[in-house]
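This report concerns only the one structure given below.
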Number of protein chains: 2
Amino acid sequence: MRVLGVDPGLTRCGVGVVEGVAGRPLTMRGVGVVRTPPDADLGHRLVAIEQGIEAWLDEHQPEFVAVERVFSQHNVRTVMGTAQASAVAMLCAARRGIPVALHTPSEVKAAVTGSGRADKAQVGAMVTRLLRLDAPPKPADAADALALAICHIWRAPAQNRLQQAVALHSAKASSKGRLA
Amino acid sequence: MRVLGVDPGLTRCGVGVVEGVAGRPLTMRGVGVVRTPPDADLGHRLVAIEQGIEAWLDEHQPEFVAVERVFSQHNVRTVMGTAQASAVAMLCAARRGIPVALHTPSEVKAAVTGSGRADKAQVGAMVTRLLRLDAPPKPADAADALALAICHIWRAPAQNRLQQAVALHSAKASSKGRLA
């Protein structure tokens, strides 16, 4: 399973590609950052993100794209930009028919460190260890993107089972609804 | 000046095309709604919005796209969806080199009704009058999109002067910075 993780942001989008299956050693295929100039207008920044993500999809042909789920607890202005950057990443993937999964920051931290409250350094250290790298990827956004991809590979089997269960339950519920 | 107004939303994106110049009667060229199914996954909804906006750009070839500026005072979940839908609209325009302008809801209301606190009915009534329509466009998102386009046509001259002044000021400030 080859997964592109995207840590969305208007100024820096972390991107990382990890290959492997749960329970086996994982391999990093690439890591980097898609940057856009803070002084450019919003439309052009979104176009730059689109071009950057497209280039990563072209080069690595991932089977899944894992994007950080955006929350609004943080700074309001930042969150809007993050939501907009994440929309572009999801759009690029969905347009190619690549399934998109969203994982929350605490799911990602819990997956790679065992704690949903781990700090950046701890996440970086575990990503380095799990992918057998010489040093933590810099900047932190790049390490976070790899952590997202790892999280997706490890959580995917459980998520798929859950989705199947939900689909089955909905089907039953709607058939009951029709009978009632 | 032909302007496509976009009232962004994941479930319903209002779209409306208005042509004219400030101080002269305006003409509506088209109005409608781009809809996406609430039960589809987010990636596919964003692709559907992209296809819808592209079709409007193809048909009407606007010179400007005016998008409602997203705020986060409202319901958090809705705001994320709105930010993501607006990102797709901005991306579609910027990719074609069409300038994108953002206007806040109160700027739009003030432009068409004289009050930044006007309600939906008042905005609908003024859009109907200003564009000489037989009845207010339905749903409200469609009327709001037309109001955005009208707002842009009326505010554009002032905005352009402001942007020029800001550009001049920045140039002076940075030349001072280099001298200091």
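Once neighbouring chains are kept in place and the probe is 1.4 Å, which whole percent of the accessible area of region B:1-153 is contributed by carbon and sulfur?
Its accessible area is 51 percent carbon and sulfur atoms.
How do the peptides B:63-70, B:24-31, B:150-157 rank, highest first, by the average count of neighbouring beta carbon atoms within 10 Å per residue?
B:63-70, B:150-157, B:24-31
Which distances, shortest first and in nm, link A:Ala121 to the matching position in the other copies, using label points set 7 Å out along Cα to C-beta?
Its label point is 6.1 nm from the equivalent points in the other copies.
Put a dot 7 Å past each Cα toward the Cβ at A:Arg24 and B:Arg24; how far apart are the dots in nm?
For B:Arg24 paired with A:Arg24, the spin-label model returns 6.8 nm.
For region A:36-42, take each phi angle, set θ = phi - 60°, evaluate the Karplus expression 6.51 cos²θ - 1.76 cosθ + 1.60, and give the result in whole Hz per residue in order, putting x for glycine and proline.
10, x, x, 8, 6, 7, 4
Can you pull the accessible area of A:Phe71 for me, 1.4 Å probe, Å² to the nearest 10?
80
Residue by residue through A:89-96, how many Cβ atoms from other chains fall within 10 Å of the Cβ on average?
For peptide A:89-96, the averaged partner shielding equals 6.
Determine the per residue accessible area of region A:11-62 with all protein chains present and a 1.4 angstrom probe, expressed in square angstrom.
For region A:11-62, the solvent-accessible area averages 48 Å² per residue.
Could you sort the residues of region B:41-61 by number and keep only those whose accessible area is reduced by 10 Å² or more in the all-protein-chain setting relative to the chain alone, 1.4 Å probe?
The answer is B:Leu42, B:Gly43, B:His44, B:Leu46, B:Val47, B:Glu50.
Quick check for me: using +1 on Lys/Arg Cβ and -1 on Asp/Glu Cβ, what's the dipole size of region A:1-128 about its Cα centre, in debye to the nearest 20?
In total the dipole reaches around 280 debye.
Please give the contour-minus-distance gain from B:Arg2 to B:Thr78: 0.36 nm per residue of separation, less the Cα-Cα distance, rounded to one decimal in nm.
Gain in length upon complete extension: 24.4 nm.
Only Cα pairs under 8 Å and at least 6 apart count here; give the relative contact order of region A:1-69 as a rounded whole percent.
40 percent.
Suppose we keep just the alpha-carbon trace of region A:11-83; what are its Rg and Dmax in angstrom?
Every Cα atom of region A:11-83 included, Rg and Dmax give 14.5, 44 Å.
For chains B and A, what's the summed buried accessible area, probe 1.4 Å, to the nearest 100 square angstrom?
1700
The values are calculated or read from the model by the stated rules, or taken from the named source; none is laboratory data. Bear in mind the structure is a predicted one, so any value in this text is a computation, not a measurement. When we count neighbours, we look across all protein chains shown, and the Cβ atoms used for this are built from the backbone with ideal geometry, even at glycine. Heads up: the accessible areas ignore ligands, DNA and RNA and are worked out on the full protein's heavy atoms, side chains in. Shrake-Rupley method; radii C 1.70, N 1.55, O 1.52, S 1.80 Å.
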